[in-house]
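The values are calculated or read from the model by the stated rules, or taken from the named source; none is laboratory data. Here the structure is a predicted model, which is why all the values come from computation and not from measurement. In this analysis, Cβ positions are derived from the backbone assuming ideal geometry, glycine residues included, and neighbour counts consider all displayed protein chains.
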Amino acid sequence: MADNSMVTLMAADHIEIQATLQAVKQCATLGTMLEVLDEQQTLGLPIPVLEVSGEALKKVIEWCEYHREDMVVETEQPGVAAQILTSLPQWDTEFFANIGDKDLLIKICNASNFLEIPLLLQYSIFVIAQALRGKSTEEMRAFLNIENDLTPEEEQKIREDNAWAMPQN
Amino acid sequence: MDSLPPELLVRIVSFLPSTADLISTRLVNRRYAAIAFRPLFELLRFSGQRQDHHPPWPPPTPGRELSEGQVGRTRTVEFVKLPEVVDEVLGLSLVQFTKTFIFDPAYYRERFWQDYLTQLENEMHEPVDEVGFNPDDDSEDGSELEAAIERVLEHRRTRPEREADIINAAQAIWTEKIAEQKENEEAVDAALEKLFRVMAALEKIEIKSWVFDGSVLYPGLEACPSYLIDAQRRGSFPTTFFLEILARALYATDRKIKDLRVSEFFAERLHDSPATRHLFTGLQHIRLDMLHVEFLADEAPRFQVLVELFKCAQPTLQSLSIMAGGKWPGLPSRGGHSLLKILSHEPDETPLVFPELEFVQLGGLILSTPPLLRFLRAQPRLKRLEVSHIYLSTFDAGWPRLVEGFPASVEGWKVSGPLGHEPVFAEGPAAYNWMMTWKPWQLPPTSGWKAMQRKAETYFERIS
């Protein structure tokens, strides 16, 4: 199959999304799947991506289409401290700014993890971390959709330890 | 609603460089408490920063004590006060979780103020920057400009005299502090041993120079950034001395680490001793940043001290970084250099083989191509290379030849900064300005490598 040929992806909610093969190859999970499947038997059939919702998959493919010419770069390499990301390229900044909804952002992050798209995963993690900066504990819980399961005793112990971590001379 | 799996939470926390954010994160729930615990308490720094301010010290500014992406505890301390501070820190049970220990206490080094005067003397002979002068000078013969230059030079010439009282007072304090440091050296050794006995999780040690602004300590001084003064004389940096002190304490407590990083490393101050051998044994990651690289020169004899120490790390070393040239300007010094001066056996400089070595990073060096290739090709598992500010001094053996000779195990490599090769004259000096610039994207696809530009870096991966 040529890299510019189109494939159809089917999301968890049965929404179908068209993508170039080249863009799909940004997803290591799907790239590997396509390599091992018998092309003749699967040609024209939608590829199931049942872990990802249609809404998230659409955004992921939008990102992959833009980055389809890029080399897939491992963002984490053994034995080497990860390079600290301090900002995103302009297009990617706009891409994430347009998402708006924090739940969709978390879905994209999970989808890029499942589909193995290292750069999109790194970028979405960065954007989530940026959003958490300066937030109180309660605001963090609300952003991350998390319930507090700490007992009052556990909270007290954490507060005591944290006192030592506060900047002092 | 979706939430994130633990492996992603760890990565999100790594992008939260503020202690306050991590403290908030720890109270989110049990899982977040565990994940944010590590970066909060895994790093301890004994730093001289803020010693250039008189107490009470201002609260630390996030990002000043620790580089971006690092959080943890910084304790401002003078070398001589280490025993007191160690006792204080040991009173807190959290030290047992320290994985990274950064060491750059305030250290009053000898001859600092003589070196400061040398710096002033050298400045007198530096060209005057005309950028700030009045652009409206329309004197036909340029006499106004000449007069302005002369005023700057006169200001420089009279500076030692103007600052003499302050320098003498500072010198007196330094003399006192230096004597105190010498008296307390054994106590510092003992304190560090106490500390390392408790640091059961310690994996990484980073040694930095105490960098301070002397004009904050002594407002009458025009400018006195310590890094400029330290660079006036070879071997003035105390970091290699710190390395040996820490090595002694690790040896005495039989504590081993995996990762060692030393800034302003000065090889000639390093000794081959049971303590330094102990320090290098088991190391997986080594990074040495240095200004002076004469011991790597092609014509120099093998530097046996480092050869012996690298042999101790031979079975375990996974990543090696040799970064020269300093921060400013980052360009290499003159002459061809060879890694085999520190990474080879006698008598014919057979490269040391590191069976686990996967990553090599080189920066700020002029390197002869054949020994570099011999070293790289001897490493059976080498996967990745990173180079910046590297010039290849061997005539007719430039970057394409080097790349062609990369071992088959190399999966990718990355370059940044100015790169050069092919000396203009075969017999000319080995200096970056006598070489041709090499642009990484000049490498043709026939080389078997595909280039990708990202910001100021170029990545290469094999064309499959």
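The table for this structure:
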read-out	value
Residue list for the range B:39-91, filter: modelled with pLDDT under 85 and exposed (fewer than 14 other Cβ atoms within 10 Å of the Cβ)	B:HIS54, B:PRO55, B:PRO56, B:PRO58, B:PRO59, B:THR61, B:GLY63, B:ARG64, B:SER67, B:GLU68, B:GLU88, B:GLY91
Residue in the range A:123-146 that is more than 7 Å from chain B (Cβ to nearest Cβ), modelled with pLDDT of 90 or more and not in a helix (DSSP H, G or I) present	no
Every residue from the range A:105-122 that is out of contact with any strand residue (DSSP E or B) (no Cβ under 9 Å at 6 or more places or on another chain) and more than 9 Å from every other protein chain (Cβ to nearest Cβ)	A:LEU105, A:ILE108, A:SER112, A:GLU116, A:ILE117, A:PRO118, A:LEU119, A:LEU120
Enumeration of residues in the range B:19-38 that are under 21 Å from B:PHE101 (Cβ atoms) and more than 7 Å from every other protein chain (Cβ to nearest Cβ)	B:LEU22, B:ALA36, B:PHE37, B:ARG38
Complete set of residues in the range B:297-324 that are buried (at least 16 other Cβ atoms within 10 Å of the Cβ), modelled with pLDDT under 95, aliphatic (A, V, I, L, M) and within 13 Å of B:ILE342 (Cα to Cα)	B:ALA297
Single match in B:ILE167, B:ILE229, B:ILE207, B:ILE257 (criterion: at pLDDT 95 or above and touching a Gly at 6+ places or on another chain (Cβ under 8 Å))	B:ILE257
Residue list for the range B:342-363, filter: under 18 Å from B:HIS389 (Cα atoms) and in contact (Cβ under 8 Å) with a residue 60 or more places away in the chain	B:GLN361
Residue in the range A:31-72 that is modelled with the highest pLDDT, counting only those that are exposed (fewer than 12 other Cβ atoms within 10 Å of the Cβ) and within 14 Å of chain B (Cβ to nearest Cβ)	A:GLU69
In the range B:260-286, the residues that are at pLDDT 95 or above and among the acidic types (Asp, Glu)	B:ASP272
Count of the range B:412-464 residues which are among the hydrophobic types (A, V, I, L, M, F, W, C) and in contact with a helix residue (DSSP H, G or I) (Cβ under 9 Å, 6 or more places away or on another chain)	11
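To keep it simple, each residue is scored yes or no on (1) under 25 Å from the mean Cα position of the chain (by Cα); (2) loosely packed, with under 15 Cβ neighbours inside 10 Å; (3) among the hydroxyl-bearing types (Ser, Thr, Tyr).
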residue: B:THR175; (1), (2), (3): no, yes, yes
residue: B:MET199; (1), (2), (3): yes, no, no
residue: B:GLU203; (1), (2), (3): yes, no, no
residue: B:LEU221; (1), (2), (3): no, no, no
residue: B:CYS224; (1), (2), (3): yes, no, no
residue: B:GLN232; (1), (2), (3): yes, no, no
residue: B:ALA247; (1), (2), (3): yes, no, no
residue: B:ASP259; (1), (2), (3): yes, no, no
residue: B:VAL262; (1), (2), (3): yes, no, no
